[in-house]
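The values are calculated or read from the model by the stated rules, or taken from the named source; none is laboratory data. Quantities reported herein were computed from a predicted structural model and do not represent experimental measurements. Here the Cβ positions follow ideal geometry from the backbone for every residue, glycine too, while neighbour counts run over all protein chains shown.
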Amino acid sequence: MQRNEPIDAETLLSTPLPPVRWLIPGLLPAGLSLLAGASKAGKSWLCLWLCLQLARGGEIWGRTTQPQTILYLCLEDTYARIQGRLFRLTEDSVPSRLYFQTGSCAIGDGLELQIEKFLSQHPETGLVVIDTLQKVRTGDANGNVYACDYRDMSTLKSLADRHNIGILLVHHQRKDRTDDPFDDISGSVALMGGADTSWVLRRRRMSLNAQLHVTGRDMDSRTLHLQSEGCIWGLIEEESSEQMAQRAVPMGIRCESHRTASARQLQLWYDGDDANDDKTGISPDDRGIPETPSAPSSSSREALGGNKHGLCVATGQPFAAADAASTGSAPTPRRASVAGQPPEGRLLDQRPNPHAEVAL
């Protein structure tokens, strides 16, 4: 099937297509992948261990892999350093399927031919690791970062797809952390946008623990909690996107957003039974639920323009008063499960939505 030829939906549904080739089941498929992390966070150690396990067909974080040939372009290392790391990572004989190279051409200037030559000699190759991406880039004379990123990612993705192999690019993070680990990837959004799979390794300096955040086109997002054990990243716990969402929201709390005549507000509702508090001896504080509205978060204060008193931006009044002013009457509890009304429960907090332009 030619990719540049149109195909109708009926033909597409009836055409047998090969399944996704998984190098590491559920974590690393064939295609173009990106591994980003801070400097000295342990990216190269992680890549070397992964390459060893894949070449052996060993287990990786509870997942069985198939033996395959691996090409590791260690472009920031020497053979002496690689040898020292291999001695520390394994006491057994190293697999003959694992190949190293400390030099390469640049993207669009011989790298693709270099990789294709290796693939012709080793057709069983499953993964090519390029450590680091910056070492094989030529830049852009016009200074268009997005266009340069998009061009390089497209070239490497086309190579990976053409041969049905994995290409893993090791890259750096920005110095300033954000709430979203994938926003920390250095460069433009074209880097993550051009990758089929993205990994972000987060680790505090000198800590033995790290989090590997994984997302991609062929998988559900997940987070792996890792611990360094003798230079090997061992798995402590793995969380799916659903588990992460459940952990982020306390049991029995729901969040709703609605607009008044003067502002958009967020409301937090607790669905617990207050009548049972005395019977169980559990107070709201014991459940981690404040009896009074909590103070606005930093993002909420920023949205309020520095207002620390929980006042409506539009009116300068407390939210309840602002709500009353917009309706002409005092606010009353709404408990019925009727369209347009909040669910039954105790109102915990109410504040302007910092993402007012986003439809929830």
So D179 clears everything in (1) exposed (fewer than 12 other Cβ atoms within 10 Å of the Cβ); (2) modelled with pLDDT of 95 or more except one condition, right? Which one? (2)
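Give the residues of the stretch 73-102 that are part of a helix (DSSP H, G or I) and hydroxyl-bearing (S, T, Y), sorted by residue number. Can you show your working first?
Quick first cut of the stretch 73-102, residues part of a helix (DSSP H, G or I) only: 79-89.
Within the stretch 73-102, Y79 is the sole residue that qualifies.
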Looking only at the stretch 138-176, count every residue that is surrounded by fewer than 17 Cβ atoms within 10 Å (Cβ to Cβ) and assigned to a loop (DSSP other than H, G, I, E, B) and tell me the total. 11
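Here is a list: S228, S262. Which entry is in a strand (DSSP E or B) and either more than 26 Å from the chain's Cα centre (by Cα) or at pLDDT 65 or above (or both)?
Values: S262 fails: in a strand (DSSP E or B).
After ruling out the rest, the residue left standing is S228.
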Could you please let me know if D161 is more than 16 Å from G108 (Cβ to Cβ) and of a type outside the set (S, T, N, Q)? yes
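Confirm whether L159 is farther than 22 Å from L48 by Cβ, assigned by TED's automatic domain parsing to the domain that holds L52 and out of contact with any Lys or Arg (no Cβ under 9 Å at 6 or more places or on another chain). If you could, list the steps in order and put the result at the bottom.
Values: farther than 22 Å from L48 by Cβ: yes; assigned by TED's automatic domain parsing to the domain that holds L52: yes; out of contact with any Lys or Arg (no Cβ under 9 Å at 6 or more places or on another chain): yes.
Yes; evaluated as a whole, the condition is true for this residue.
Determine, yes or no, whether L35 is in contact (Cβ under 8 Å) with a residue 12 or more places away in the chain, closer than 27 Å to D152 by Cα, over 28 Å from the mean Cα position of the chain (by Cα) and outside any loop (DSSP other than H, G, I, E, B).
Details: in contact (Cβ under 8 Å) with a residue 12 or more places away in the chain: yes; closer than 27 Å to D152 by Cα: yes; over 28 Å from the mean Cα position of the chain (by Cα): no; outside any loop (DSSP other than H, G, I, E, B): yes.
When the stated conditions are applied, L35 does not pass them.
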Could you please find all residues in the stretch 103-129 being part of a loop (DSSP other than H, G, I, E, B) and of a type in the set (G, A, S)? G103, S104, A106, G108, G110
